[in-house]
Amino acid sequence: NKYKGIHVAAHARLGDYHQWSTFHTNLDKTDYYERAFSKYFPGIPREYLTALVSDDSKQAESLPPFSKFQFVTDDLKLNDIEDFCLLTLSKNLIIANSSFSAFAAILNKDVEKVVAPANWFQEDGPKQWDDLYMPNWEVI
């Protein structure tokens, strides 16, 4: 199974969110991913398999903290359905403010830790979104 053994999978939603920056929080413009890695997965050994799922993988890989990792997904060349499956099978998740990774986290029955962003929306988005979170998620 090509998804087996993924220690941490992160989802970075970029593309269309940049067009709707007053609706969605662009997490790549914040320190969310840096905080998620440093607080919950500090010092991940290089031998641990790490995956990055994004609608713009090349841009995502160039962003801190992603630029310091060699992602197993670079070699897999996955489509959207396979990306989703990878998230549902990973041991730990850093999700984006996106239903794509949120639903994958909900469906992942063996996940140990899910880190989710506290800020999903901007001024033009919904004002209340607490019902998006599962009780066992770490929200930062």
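The values are calculated or read from the model by the stated rules, or taken from the named source; none is laboratory data. Keep in mind the model is a prediction, meaning the values are calculated, not measured. Every residue, glycine among them, receives a Cβ derived from its backbone with ideal geometry; neighbour counts consider all protein chains shown. These accessible areas exclude ligands, DNA and RNA; they are computed on the full protein's heavy atoms, side chains included. Shrake-Rupley method; radii C 1.70, N 1.55, O 1.52, S 1.80 Å.
If you scan the range 62-78, which residues turn out to be open to solvent by 30 Å² or more (accessible area, probe 1.4 Å) and either in a helix (DSSP H, G or I) or at pLDDT 85 or above (or both)?
S67, K68, D74, D75, L76
Report the residue count in the range 91-107 for those that are out of contact with any Leu (no Cβ under 7 Å at 6 or more places or on another chain) and closer than 18 Å to Q128 by Cα.
Total meeting the criteria: 2.
How many residues does the range 113-140 hold that are in contact (Cβ under 8 Å) with a residue 40 or more places away in the chain, out of contact with any Asp or Glu (no Cβ under 9 Å at 6 or more places or on another chain) and of a type in the set (A, V, I, L, M)?
1
If we scan the range 46-59, do we find a residue that is modelled with pLDDT of 85 or more, outside any loop (DSSP other than H, G, I, E, B) and either open to solvent by 80 Å² or more (accessible area, probe 1.4 Å) or closer than 18 Å to K91 by Cβ (or both)?
yes
Does D83 satisfy the condition of being at pLDDT below 90 and open to solvent by less than 30 Å² (accessible area, probe 1.4 Å)?
So D83 passes the test.
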